[in-house]
Each structure stands twice: as structure tokens, then as C-alpha cells.
Amino acid sequence: MKIMAFVGSPRKGSNVDTLIDKVIEGAKSKIAAEVEKIYLYEAHIKNCTGCLACTAFRGGQECPLKDDMVGILQRMIKADMLIFGSPNHVHSMSAALTNLFCRMQPLIKMQAIKDESGKLIGATATTLISGKKAVMVASQGDFSPSASALLLRVLDSNLKDFRLKKVAEVFSTGNLETANVKNKEADLQQAFEAGVKLVVL
Ligand SMILES: Cc1cc2nc3c(=O)[nH]c(=O)nc-3n(C[C@H](O)[C@H](O)[C@H](O)COP(=O)(O)O)c2cc1C
């Protein structure tokens, strides 16, 4: 079994990273998994330029950007489980995780629907990672959970777009300070149990 985890925080070893480690620990308590953790702020992943080359509208060509994403996409297709983690940055996902989802667009295989005159009227989609199990992880500074309503929705919507099977959400509040979550037993336990769910659900 292979797990790929994406740390969308620029702070290595901090809240999101700690929670992701706990999810991995939970999964590993059930199976001997091979784990690849990618720090998105260290990886060489260029910003999506919006050329749309990878979409059905341009014939589903290869992404012209040649960087770490080429291998990451191939390994995602082979992975069994995926973990996506983000801090709340200005109410939503971090820039690096947003860019990851943009650069994952080549995984979406769209079928254009045209009318009799050939005019584009819609599209259906499948993805190359459909059905894989996923956990989403989020941490915020604010103490009120509502501060991440948008972040949680955006994360959830992206997992749906990629046809992933979300088995758990891990969410921790009041973590403005670096690695604050390390002292929160309940939140760490929530993350551990999400990891167990990755395997058993
Ligand atoms: C640029 C920036 C924007 C932030 N915006 C918000 C916000 O809108 N709401 C919030 O609750 N916390 C916000 N925070 C706080 C982070 O979400 C919080 O510190 C989080 O736990 C960081 O996770 P990390 O330590 O893994 O990076 C922001 C932090 C940064 C650096």
C-alpha cells in the first residue's frame, strides 16, 4: 500500500505537518504502508499558467511545464491513499496547495459534449485517480471553527472534482503559533483515527 501526503504549509514541522504525521501514524498502525510526503513549498512545482493544454478543449495535451509535477502525477496514479493538508491562508487554501490542484488538472479526463452544430454545450469527466481514498487536513489560527468554512468547502470540492473518496476530515483551530497542535491530544487523536479510517473504510 502506498500513501502520498501533501503538506501545503510553508512551515515544516508545524501544525499541518504534525497532523499529517498523525494521520500517517494511524494508517501505519493498521498496515505496512510505503509513505511519500511532499512539502509543496520545497518541491519544484511551477505555477499553472492557465494555458488549458491539458483540457479536452485543447485535445488533452501534456502539460508543457516540466518540473517535479511530471513524476508526482505518475506516482499519484499508482498511490492507494492520498492526504492533502493546508493551513487557512486568508480564509482558503494555501497558495501552494491551490497550485497543486491546478497542476493536477491533467488527471481529469473530460469528454466534451457538443450540439448538432458542433458548439460546446457541456462536458463529462472522469479522473485517473478516481475512487482512491483521501483525508483532508486543515489548521487555522482563529478559535472559531467558522473561520475555515470556505477552506473546508474548497478542499472538499476539490476532492470531489478528482472523484476521490474522502474518508475523514481533520480540522484544528486556535493554532496561530508554530506547531501549537503538538499539545492538543484530542486533535492529534482525531488525526490518528482519520489515518485508521484511510485503511479500514
Ligand atoms: C498568510 C497567512 C494568512 C492566514 N490567514 C488566516 C485566516 O484567514 N484565518 C485563520 O483562522 N488563520 C489564518 N492564518 C493562521 C494559520 O491558518 C494558522 O497559523 C495555521 O495553524 C498554520 O498552520 P501551519 O503552522 O501548519 O502553517 C493565516 C496565516 C498566514 C501565514
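Derivation of every value follows stated rules applied to the coordinates shown; laboratory data play no part. As the structure is a prediction and not an experimental result, all values here were calculated from the model. Here the Cβ positions follow ideal geometry from the backbone for every residue, glycine too, while neighbour counts run over all protein chains shown.
A few notes on this one:
- Selection of helices (runs of 4 or more DSSP H) fully inside the range 61-167 by the criterion of at least 1 residues being surrounded by 15 or more Cβ atoms within 10 Å (Cβ to Cβ) and within 16 Å of the ligand (Cβ to nearest atom) returns 95-103, 149-161.
- Scan of the range 33-76 for residues that are more than 22 Å from PRO10 (Cβ to Cβ), basic (Lys, Arg) and in contact with a strand residue (DSSP E or B) (Cβ under 7 Å, 6 or more places away or on another chain), ordered by number: ARG75
- For the range 74-123, a residue qualifies if it is within 19 Å of CYS63 (Cβ to Cβ) and β-branched (Val, Ile, Thr), and the qualifying residues are ILE77, THR98, ILE108.
- Qualifying residue in the range 16-23 (condition: surrounded by 16 or more Cβ atoms within 10 Å (Cβ to Cβ), farther than 18 Å from PHE171 by Cβ and either of a type in the set (Lys, Arg) or under 15 Å from the mean Cα position of the chain (by Cα) (or both)): no
- Checklist (1) more than 11 Å from the ligand (Cβ to nearest atom); (2) in contact with a helix residue (DSSP H, G or I) (Cβ under 9 Å, 6 or more places away or on another chain); (3) farther than 24 Å from ILE77 by Cβ applied to ALA186, failing item: (2)
- Top-ranked residue in the range 168-183 [being in contact (Cβ under 8 Å) with a residue 60 or more places away in the chain and over 18 Å from the mean Cα position of the chain (by Cα); ranked as farthest from the ligand (Cβ to nearest atom)]: LYS182
- Which numbered condition LEU201 fails, given (1) over 30 Å from THR55 (Cβ atoms); (2) within 16 Å of the ligand (Cβ to nearest atom): (2)
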